[in-house]
1. Looking at segment 250-271, which of its residues are in contact with a Leu (Cβ under 8 Å, 6 or more places away or on another chain) and either small (Gly, Ala, Ser) or under 21 Å from residue 342 (Cα atoms) (or both)?
2. Enumerate the pairs (first residue in segment 242-268 and surrounded by fewer than 18 Cβ atoms within 10 Å (Cβ to Cβ); second residue anywhere and part of a helix (DSSP H, G or I)) with beta-carbon separation below 6 Å, excluding pairs fewer than 6 apart on the same chain, so at least 6 apart or on different chains.
3. Can you tell me which residue within segment 320-333, out of those that are assigned to a strand (DSSP E or B) and not charged (D, E, K, R), is farthest from residue 265 (Cα to Cα)?
4. Residue 81 is checked against (1) at pLDDT 95 or above; (2) hydrophobic (A, V, I, L, M, F, W, C); (3) surrounded by 23 or more Cβ atoms within 10 Å (Cβ to Cβ) and fails just one. What number does that condition carry?
5. Considering (1) part of a helix (DSSP H, G or I); (2) crowded, with 24+ Cβ neighbours inside 10 Å; (3) over 12 Å from the mean Cα position of the chain (by Cα), say which one residue 317 fails and leave the rest.
6. Suppose we keep only residues that are among the hydrophobic types (A, V, I, L, M, F, W, C) and in contact with a Lys or Arg (Cβ under 7 Å, 6 or more places away or on another chain) within segment 24-70. Which one would you say is surrounded by the most Cβ atoms within 10 Å (Cβ to Cβ)?
7. Of everything in segment 269-304 that's in a loop (DSSP other than H, G, I, E, B) and among the small types (Gly, Ala, Ser), which residue is surrounded by the fewest Cβ atoms within 10 Å (Cβ to Cβ)?
8. Please go through segment 382-410 and pick out each residue that is in a loop (DSSP other than H, G, I, E, B) and surrounded by 20 or more Cβ atoms within 10 Å (Cβ to Cβ).
Amino acid sequence: MTIQSSKPRVGLLALTLELYETLAPDMRPGREKWIRESVLPALVPYADIHFQKVVSSRHAIDEVVREFEHEEVDLLLVLFLSYSPSQLALPALKRTHLPIVLWNTQELFTIDERLDGSQMTANHGVHGTQDLSCVLHRSGVRFTYITSHLDDPDAVRQLADCFESAAAVSRLRNARLGLIGYPFPGMGDLGFDSTHLASSLGCQWIPLNVGDFNRRAETAAERDVMRLVAKYREWYRLADDLVAADLEATARAELSLRSMVSDHDLDAITYQFLAFGEDSRTGTLPFVGISRMMADGIGFGGEGDLISAAGTWLLNQLAPPATFSEMFSIDYQNQGVLMSHMGEANPAMARTGSKIPLVARPRPIIRTRQRQLALVVNLPPGPATLSALTLGPAGRWRFVTSRVEILDFGPLPSLAVPHFKIGVAPKNIRDWLTAYAQAGGPHHLAICFGDATSKIRLAATFLDADSVEV
């Protein structure tokens, strides 16, 4: 399981021109003073900034970038304090695996008749950024470019999005995914090459088995089971027909799943419900457990979908809380879609003001010893972002995203599963669904509150992935 630091780690590569050491010897100390007194205090609330000194030679640039790599920073922030020739930084930036952001900024906010030669010399980094961005493009090096001033209202927010997205991608590179059972037979959009997964996203996946799940459920400590049942009774609105055996089986399933995640050091997990039905010892399905674990930050994808498990986990890193879901039925009249799944949704996203219903599904999906319980999670109305991670042509990773609106709908007493409805107005639902399908959007996806499209686009850039918004 990846260790999440409190802040993203950012290496600040500050560049100037070696010629100025003789032509303007006071410039470099003055620019470094500006960094320490103005730039760093503005950035420190959003990141752990690694900064040593201003550099101007190829050797010094190489040395600083190698040190940032050794310190395992999440992102390399390049700042031009004056002009600096692009070919000095190019070798280090082409070699490094670190995501690169060129920050085009300067100390002066305005240029007027008071400008003098020393001020112009100390505020002419813009054409250095253009030189470097041109050669990075020519060399096939991916980077992000931001123009802003510290006095701009959203200057630091733009950078903070970069920092957070890079940190999420860095954690994804080390994420561990678990699969109980096998992918749903014939479900092609969740298919993948595990070698490609490891070499491109960096994720490692661990095969798990239903027998171990059932052994852990059967041997869970009675006191832990009773303690969890008491929490269910306290935190949720239990359906009248639930009995002690239902709750105890559900608690055992949750404890089993949690212990598997803990013992295997997992960041995300998926399971195939059919595999549970192949073992006669299965007490119940872990719908409640995985829902509650999503609220704790564990990623999830249904039906053995490791890709959507990673995608849900990543969205939760970028814009928590997030939940796994699936489009179920189209509301043509209201330009919307009913979202649901068998029993999995993040209760941290549920409407407030009343307890989440805990109910038994009227029809078991597969044969289990006890009934299959689910939390009827219903999301509150408001802006949201839909995000689906998938594989596109030629094995390139792709994010298919859309800004949507969670509608004021439900929960319906007739539905014993998590459910909510999204709207796409003023877009037409027919056109929207067609665009989603044509973009290669899979049937498993994740959703979060608010507008996370900027962070997702940045994450795609840092992953060398495609990003399509519908």
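1. 250, 251, 253, 254, 255, 268, 269, 270, 271
2. 259/216
3. Restricting attention to segment 320-333, the residues satisfying the condition of being assigned to a strand (DSSP E or B) are 322-331.
Those left that are additionally not charged (D, E, K, R): 322-325, 327-330.
On the way: 322: 21, 323: 21, 324: 21, 325: 24, 327: 31, 328: 33, 329: 36, 330: 39 Å.
Filtering first and then ranking leaves 330.
4. (1)
5. All conditions are met except number (3).
6. 47
7. The qualifying residue surrounded by the fewest Cβ atoms within 10 Å (Cβ to Cβ) is 280.
8. Initial filter on segment 382-410 (in a loop (DSSP other than H, G, I, E, B)): 392, 396, 407-410.
Result: 407, single match.
The values are calculated or read from the model by the stated rules, or taken from the named source; none is laboratory data. Owing to the predicted nature of the structure, the values given are computational and were not obtained by experimental measurement. Because the Cβ atoms are built from the backbone with ideal geometry, glycine has one as well, and the counts that use them run over all protein chains shown.
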